[in-house]
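Below: one structure, written as structure tokens.
The values are calculated or read from the model by the stated rules, or taken from the named source; none is laboratory data. Small disclaimer: the values here were computed from a predicted structure and weren't measured. Positions of Cβ are backbone-derived with ideal geometry, glycine not excepted, and every protein chain shown enters the neighbour counts.
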Amino acid sequence: MARPSMPLIDYYSLESPVATEFRRLLHTFQRKGKEADLKSILFTSAITSEGKSTVASLMSITAAYKGHKTLLIDCDLRRPSVHRLFACERGKGMSEVLHNGDEVKSVVKKTSLDNLDIITAGKAVAHPTELFDSRIIGGLVHELKFYYDFVFVDTPPVIPVSDPMLLAQEMDGAVLIVKAGSTAREVAQRAADILSSSQINLLGVVLNNVKGSLPYYYDYSHYNYDYSQRHDSGKPIDNRNNPGAVRASKTDQSEKETDSPRKNRIPK
């Protein structure tokens, strides 16, 4: 699959219904975080092609825009997607950390958002499951939580392979992605049962691909939810050619209200 011409960040619109829903999800994480430590969150799905990588990436972008120092890690070593979503080279990543013992700070990649870093999957390996040692993963997560407000981890689907289970045990919580109109109810329930039976903190389910799959009243257009900026004449402002409507400048980000103290950056 060819690398996208633009990273997902450049397609992200702060005023879109999608961004609104992800801000609500972020608020849920923050509320739960007040009750218990909730900084490392795993994203998985029942089966393939449910959009878990996209959801994890959008969640990371949303948290970064809100002023949270955020790290997104691609731990789907079989079918990695994060490097494509952010239009960067796969390069060194998690496989080098887990297989070669590289320091985690050496594989962190910057993005165009000051508050968002990523770690790609790294080189392909023959048997990814053998790399996931709970003690090593636990140590890495503990280290990274010192530098970041949120550590989001994209993992393989939970039913085909056991990788997510090995990772989820070291995370503060897990989110299950379900594709509306595609994933059978029994399959989604099986995935939820697998996570819950292992005493993993299942935070909830994100329903993806809602448009066209659920009744009309789930669609924003039914409520005429167009609350974008308008001119005095009443006409909507066209932000398509305005970079500020898609990507906040460094000045804008520094002026945004943050809900948590500034974190230390990983030393170079």
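Quick notes
- Residues of the stretch 82-110 that turn out to be within 19 Å of Lys145 (Cα to Cα) and of a type in the set (Ser, Thr, Tyr), as a count: 1
- Any hit, the stretch 102-122, residues being over 20 Å from the mean Cα position of the chain (by Cα), in contact (Cβ under 8 Å) with a residue 24 or more places away in the chain and not in a loop (DSSP other than H, G, I, E, B): no
- Some residue of the stretch 156-171 being surrounded by 21 or more Cβ atoms within 10 Å (Cβ to Cβ), in contact with a helix residue (DSSP H, G or I) (Cβ under 6 Å, 6 or more places away or on another chain), closer than 20 Å to Ala63 by Cβ and of a type in the set (Gly, Ala, Ser): no
- From Asp37, Asp10, Asp74, residue being within 21 Å of Val141 (Cα to Cα) and modelled with pLDDT under 95: Asp37
- Comparison of Glu50, Glu35 shows that the only residue that is charged (D, E, K, R), touching a residue at least 40 places away in the same chain (Cβ under 8 Å) and at negative phi is Glu50.
- Some residue of the stretch 67-82 being part of a helix (DSSP H, G or I) and of a type outside the set (A, V, I, L, M): no
- If you go through the stretch 12-35 and keep only what is more than 14 Å from the chain's Cα centre (by Cα) and within 22 Å of Val158 (Cβ to Cβ), you end up with Thr28, Lys32.
- Thr111 falls short on exactly one of the conditions (1) of a type in the set (Val, Ile, Thr); (2) at pLDDT below 95; (3) touching a strand residue (DSSP E or B) at 6+ places or on another chain (Cβ under 9 Å), and that condition is (2).
- The residue that is surrounded by the most Cβ atoms within 10 Å (Cβ to Cβ), counting only those in the stretch 21-79 that are more than 25 Å from Ser162 (Cβ to Cβ) and in contact with a Phe, Trp or Tyr (Cβ under 7 Å, 6 or more places away or on another chain), is Ala63.
- If you go through the stretch 182-197 and keep only what is of a type in the set (Ser, Thr, Tyr) and farther than 20 Å from Leu167 by Cα, you end up with Ser182, Thr183.
- Criterion violated by Arg78 - all others in (1) closer than 15 Å to Pro7 by Cβ; (2) in contact (Cβ under 8 Å) with a residue 12 or more places away in the chain satisfied: (1)
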